[in-house]
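Participant: Dropping the structure in here first, questions after.
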Amino acid sequence: MTIEAAIANAGDDALWARVTQEVNAWRGACLQCFAAVEVAVTETLLHLSAQPGRGQSVKLRHLVGQRLDDLAALVNEGGPFSVEGKGVASLLAEFRHQEGLRTMLAHGQAKLTVERTSRWAAIFRVIAIRARQADRSTLVIEESEAAERLQQLRKVSQKLCSALGNLRRAVAV
């Protein structure tokens, strides 16, 4: 005897509307965390650049990755703001582990799938050009993992934003 488990036709517009809304809400919440850090980093660099004497070493560059690099150089050991930024350096390093997620969410094209249990998975694809060659990346994230990633991202971004605020207060202009 053969038992077949047929895959049901998704034809449920309400299910797809819910899944789409949930994935978009999750993606937006993650991007909001990244945006909050980007603002805090930029405000901090501007504040540090106004510091008499030490502020001349602060670079004010356009791309967020460059700004994160520049801030790290300023607060890491040997940097001109290493004493005041002692707590920032480790949080910044922890936050930088999330950069791949930011790239996928901000620049990736998403494809959604739904399991029979109505749990979703999202497949993000990005194509970049590096050394005149296509560089293709894919991220597959399931609903439960996505919730965990958002929780981790919220935690580290809130801590980093708070630490950057403390740094700006510690370095009075």
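The values are calculated or read from the model by the stated rules, or taken from the named source; none is laboratory data. Because the structure is predicted, anything quoted here is derived from the model rather than measured. Note: ideal-geometry Cβ built from the backbone for every residue, glycine included; neighbour counts use all protein chains shown. Ligands, DNA and RNA are stripped out before the accessible areas are found, and what is left, the full protein with its side chains, is counted by its heavy atoms. Shrake-Rupley method; radii C 1.70, N 1.55, O 1.52, S 1.80 Å.
Participant: Which residue fluctuates most in the GNM of the chain (Cα springs below 10 Å): G78, G87, G65?
Facilitator: G78
Participant: Test of understanding: what is the full-extension gain from R125 to L139, defined as 0.36 nm times their sequence separation minus their Cα-Cα distance?
Facilitator: 4.4 nm
Participant: If you place +1 on the Cβ of every Lys and Arg, -1 on the Cβ of every Asp and Glu, and leave all else neutral, what size is the dipole of the range 84-171 about its Cα centre, to the nearest 20 Debye?
Facilitator: 260 debye
Participant: Might you report the magnitude of the Cβ-based charge dipole of the chain about its Cα centre, with Lys and Arg at +1 and Asp and Glu at -1, to the nearest 20 debye?
Facilitator: 600 debye
Participant: Tell me which DSSP H helices of the chain clear both cut-offs, 15 Å or more of axial length from alpha-carbon atoms and a mean Kyte-Doolittle hydropathy of at least -0.5.
Facilitator: Those that clear 15 Å and a mean of -0.5 are 13-49, 64-75, 86-96.
Participant: I would also like to ask the following. Using +1 at the C-beta of Lys and Arg and -1 at the C-beta of Asp and Glu, which of L92, V75, Q51 has the Cα lying farthest in the positive direction of the dipole of the range 40-173?
Facilitator: Q51
Participant: For the range 67-143, take every pair of Cα atoms, bin their distances at 5 Å starting from 0, and report each bin as a whole percent.
Facilitator: Final binned percentages: 3, 14, 16, 13, 12, 13, 11, 10, 5, 2, 1, 0.
Participant: Find the accessible area per residue for the chain; the probe is 1.4 Å, ligands and nucleic acids are left out, and the unit is Å².
Facilitator: 62 Å²
Participant: Counting only protein heavy atoms, what percent of the accessible surface of the chain is carbon or sulfur at a 1.4 Å probe?
Facilitator: Roughly 52 percent of what the probe reaches on the chain is carbon or sulfur.
Participant: For the chain, what does -39500 (n - 2.57) per DSSP helix run (n ≥ 4), summed and divided by total residues, give at 222 nm, in deg cm²/dmol to the nearest 500?
Facilitator: Rounded to the nearest 500, the figure is -19000 deg cm²/dmol.
Participant: Just to confirm a number: summing +1 for Lys and Arg and -1 for Asp and Glu over residues other than E43 whose beta-carbon lies under 11 angstrom from that of E43, what do you get?
Facilitator: +1
Participant: Considering Cα pairs under 8 angstrom that are at least six residues apart, work out the relative contact order of the range 1-133 and quote it in whole percent.
Facilitator: Value for the range 1-133: 18 percent.
Participant: Using every pair of alpha-carbon atoms in the range 1-149, split the distances into 5 Å bins beginning at 0 and state the percent of pairs per bin, rounded to integers.
Facilitator: 2, 8, 14, 15, 13, 12, 11, 9, 6, 4, 3, 2, 1, 1, 0, 0, 0
Participant: Which is the longest part of the chain that has none of the trypsin sites (Lys or Arg not before Pro) sitting in a DSSP loop with at most 15 other Cβ atoms within 10 Å?
Facilitator: With trypsin sites (Lys or Arg not before Pro) excluded where exposed in loops, the chain gives 1-58 as its longest stretch.
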